[in-house]
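Notes follow once the structure below has been shown.
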Amino acid sequence: MRKKNKTDRSATYFIMTVPALVIFIIFFILPLIFTARYSFYNWTNYAKEITFSGLDNYKKLLSDRTLSKGIMNTLQYAIINVLLQSLIALPVSVALNSKLKGRNIFRAIYFTPAVLSTLVVGYLWKYLLSASDYGFVNQIIAGLGLEKVNFLGNGKTGLWSIILIEVWQWFGWAMVIYLGNLQSISDDLYEAAAMDGANAWDRFWHITIPGLAPAIKINLVTGMISGLKVFDIVLATTNGGPAHQTETILTLMFSKFSDGNYGYASAFGMVFLAVSMLLAVVLLGIFRQWERRLD
Amino acid sequence: MKRKKIVCSILLYFLLGILAILVLVPVYYLIVTTFKSGTEAALYPMALPTSFSLQSYKEAFVKMQYPRAFLNTLVITGVSVGGIIITASMCGYALNRREKTKWSKGVFLLILSGIMFPYQMSILGLYRLIRDLHLMNRLTAVILVDIAVNLPFAVFLFKSFVSTIPVELEEAARIDGAGVYKTFWMITFPLLKPTIATVAILNTLTIWNDFMGPLYFLQSREKDVILQEVYRNIGQFSTDWTSLFPMMVLGVLPLLIFYLAMQKMVIGGVMSGSVKG
């Protein structure tokens, strides 16, 4: 009787994992396998049947000039964006973690853009950065007696504009994550250091930064992953233009999809997988080095 | 020494203030422009509007078929978030309470892979799957995808939070003859409240603002979400550019209100979601 009871219990635990597991396998793992498979097929909207085409899609990829641009852009968006975010969020969170009057208001303000839709944020900044008469940022620039900049109208400034818009939207999120971590660093450490005569800079460098290691890790990893997924904002501001200069892997994939080149778009998906794996490996390597140094 | 301190804090407020202005000016611009004509907005971008007519909002409301789009977005977000909480809490619980079994370890590892890899890479396979399952243009498609994609992190959060709940609490119920399943829902689940709140907030923000999922899977207009309505209407050429601003505002308004009303909870949710992660 007792034994039966025990197997019953184990079975129940097992069953409780099943709903999540089934949904995850069907809608996450299976599509990945499908995509890998279709990247070797000639699957289009207009061909009557889907035929095996070997490496054709990948050969086409190699000769596709927009691809390397898209990968480079995606990596730039992800890496520069994440670094700039932390560069602002880190000092801000340290300042707001002190007993500053009004710190809650500042926190609330800085976090606000993070609840706005990225698509709408993109449209808003498209108007703000416009080179037409009504472009607010250019009105300021002209007011300072400088020459107007067509921010979204060329590849280089377009790329940087998109990165800065993303930083504007997300540094508050990074700040909140740093704040959460800062609360867990014990005051005793600071007091002891102050007794030893350490100045503010020393304390920041030798207590705050190592103490923030977990949050830095989270911010870099999650920021990097969401940076790879940059899509809405590009669609709203430049739509990948001019001349594919600001394209990302996902916007390229979407345009192949819209053209009905499904097999080819699948190959883009595989490239995306490879790029994110590569980045994950590099990041983990960096963290391992850093942890070793901290020890 | 004291004087130095005062100078320091003035400087600090100055810098924080500039940053706050940089954050707020675009948001202010977004809102005031909805009440202005094109010329007025171009000439006096930062001025308060001369008249407060809601006419442009009414037009945007009709053009976007707002009630319908709002309801679709609400259903997708609500059902997805509920689904994530139910499935992920059960799974995280079982994985924690049977931590040492091979099954648990394997399942956890598999699900964790979902945190590291963006699902967007396999969107074509997903597209195919949704089509083959005859779920295309159904809210169910987006809901299932949203659940699958956001499950992993939720499972992770629940699993680590369950480990802080002592097993002894459950044993009393067990002695009274309650099974594992009943014990979980009666005893453990109510104790998971902080994590439930965190998971609900994080996923509400993510799913409500998700544009790509609906873009691929909800192509018929009567099924589309608020952001698709923004995309559809702004994409069209319009000389009257300020008339597009009410649509943008209507696009962000629901979450903005949610945030203003529960600002502490939202920030707290993001904070605790990361501390455990």
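One residue stands out in the stretch A:77-111 among those that are of a type in the set (Val, Ile, Thr) and under 18 Å from the mean Cα position of the chain (by Cα): the one that is nearest to A:Gln183 (Cα to Cα), namely A:Ile88.
Of all residues in the stretch B:204-245, those that are more than 12 Å from chain A (Cβ to nearest Cβ) and either touching a Phe, Trp or Tyr at 6+ places or on another chain (Cβ under 7 Å) or not in a loop (DSSP other than H, G, I, E, B) (or both) total 4.
Would you be able to say whether some residue in the stretch B:186-199 is outside any helix (DSSP H, G or I) and aliphatic (A, V, I, L, M)? Yes: the stretch B:186-199 contains one or more residues that are outside any helix (DSSP H, G or I) and aliphatic (A, V, I, L, M).
Taking the listed residues B:Leu109, B:Leu133, the one that is of a type in the set (A, V, I, L, M, F, W, C), surrounded by fewer than 22 Cβ atoms within 10 Å (Cβ to Cβ) and farther than 30 Å from A:Arg9 by Cβ is B:Leu133, with no other qualifying. For the stretch B:22-39, filtered to residues that are in contact (Cβ under 8 Å) with a residue 12 or more places away in the chain and over 25 Å from A:Gly172 (Cα atoms), the residue that is surrounded by the fewest Cβ atoms within 10 Å (Cβ to Cβ) is B:Gly38.
Can you list the helices (runs of 4 or more DSSP H) found entirely within the stretch B:82-165 that contain at least 2 residues being more than 7 Å from chain A (Cβ to nearest Cβ), free of Cβ contacts under 8 Å to residues at least 24 places away in the same chain and farther than 21 Å from B:Gly179 by Cα? Write out each step before concluding.
Numbers: elements: B:102-116, B:123-132, B:139-162.
Helices (runs of 4 or more DSSP H) meeting the threshold: B:102-116, B:123-132.
The number of residues in the stretch A:14-54 that are aromatic (Phe, Trp, Tyr), in a loop (DSSP other than H, G, I, E, B) and surrounded by fewer than 21 Cβ atoms within 10 Å (Cβ to Cβ) comes to 2. On inspection, B:Val79 passes the criterion of being away from chain A (no Cβ under 12 Å), in a helix (DSSP H, G or I) and within 21 Å of the chain's Cα centre (by Cα). Yes or no: B:Ile267 assigned to a helix (DSSP H, G or I) and facing another protein chain (nearest Cβ under 9 Å)? It is true that B:Ile267 is assigned to a helix (DSSP H, G or I) and facing another protein chain (nearest Cβ under 9 Å).
Condition check: crowded, with 16+ Cβ neighbours inside 10 Å and free of Cβ contacts under 8 Å to residues at least 60 places away in the same chain. Does A:Ala198 satisfy that? Talk me through it step by step, then tell me what you get.
Details: crowded, with 16+ Cβ neighbours inside 10 Å: yes; free of Cβ contacts under 8 Å to residues at least 60 places away in the same chain: yes.
Against the criterion (crowded, with 16+ Cβ neighbours inside 10 Å and free of Cβ contacts under 8 Å to residues at least 60 places away in the same chain), A:Ala198 qualifies.
A quick yes/no check of all residues on (1) of a type outside the set (Gly, Ala, Ser); (2) farther than 30 Å from A:Ser39 by Cα:
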| position | (1), (2) |
| --- | --- |
| A:Ala194 | no, yes |
| A:Arg203 | yes, yes |
| A:His206 | yes, yes |
| A:Pro210 | yes, yes |
| A:Ile216 | yes, yes |
| A:Thr222 | yes, no |
| A:Pro242 | yes, no |
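You will find that of B:Lys223, B:Lys182, the residue that is modelled with pLDDT of 90 or more, charged (D, E, K, R) and over 30 Å from A:Asn239 (Cα atoms) is B:Lys182 and no other.
Candidates A:Thr35, A:Thr66: the one that is under 13 Å from A:Tyr262 (Cβ atoms) and of a type outside the set (Lys, Arg) is A:Thr35.
Listed by position, the helices (runs of 4 or more DSSP H) enclosed by the stretch A:192-295 that each have at least 2 residues that are closer than 30 Å to A:Leu128 by Cα and within 21 Å of the chain's Cα centre (by Cα) are A:213-228, A:232-237, A:249-258.
Based on this model, can you work out whether B:Lys182 counts as surrounded by fewer than 21 Cβ atoms within 10 Å (Cβ to Cβ), in a helix (DSSP H, G or I) and within 11 Å of another protein chain (Cβ to nearest Cβ)? Considered against the rule, which asks whether it is surrounded by fewer than 21 Cβ atoms within 10 Å (Cβ to Cβ), in a helix (DSSP H, G or I) and within 11 Å of another protein chain (Cβ to nearest Cβ), B:Lys182 comes out as yes.
Residue count for the stretch B:166-179, restricted to those that are part of a helix (DSSP H, G or I), surrounded by fewer than 17 Cβ atoms within 10 Å (Cβ to Cβ) and more than 10 Å from chain A (Cβ to nearest Cβ): 5. The condition of being more than 28 Å from A:Asn104 (Cα to Cα), in contact with a helix residue (DSSP H, G or I) (Cβ under 7 Å, 6 or more places away or on another chain) and surrounded by 15 or more Cβ atoms within 10 Å (Cβ to Cβ) holds for only one of A:Val176, A:Val167, A:Val137, that being A:Val137. Restricting the search to the stretch A:70-128, which residues are of a type in the set (Phe, Trp, Tyr) and farther than 29 Å from A:Asn239 by Cα? A:Phe106, the sole residue that qualifies. Residues in the stretch A:186-211 that are of a type in the set (A, V, I, L, M) and more than 12 Å from every other protein chain (Cβ to nearest Cβ) were compared, and the one that is farthest from A:Ala78 (Cα to Cα) is A:Met195. Counting the residues of the stretch B:157-189 that are touching a Lys or Arg at 6+ places or on another chain (Cβ under 8 Å) and not aliphatic (A, V, I, L, M) gives 4. Restricting attention to the stretch A:1-32, the residues that are within 16 Å of A:Ala267 (Cβ to Cβ) and more than 7 Å from chain B (Cβ to nearest Cβ) add up to 0.
Can you say whether A:Leu62 is within 18 Å of A:Thr251 (Cα to Cα), crowded, with 18+ Cβ neighbours inside 10 Å and away from chain B (no Cβ under 13 Å), as far as the supplied structure shows?
Considered against the rule, which asks whether it is within 18 Å of A:Thr251 (Cα to Cα), crowded, with 18+ Cβ neighbours inside 10 Å and away from chain B (no Cβ under 13 Å), A:Leu62 comes out as no.
The values are calculated or read from the model by the stated rules, or taken from the named source; none is laboratory data. Predicted model, so just to flag it, every value in this text is computed and none were measured. Heads up, the Cβs are rebuilt from the backbone with ideal geometry, glycines too, and the neighbour counts pull from every protein chain shown.
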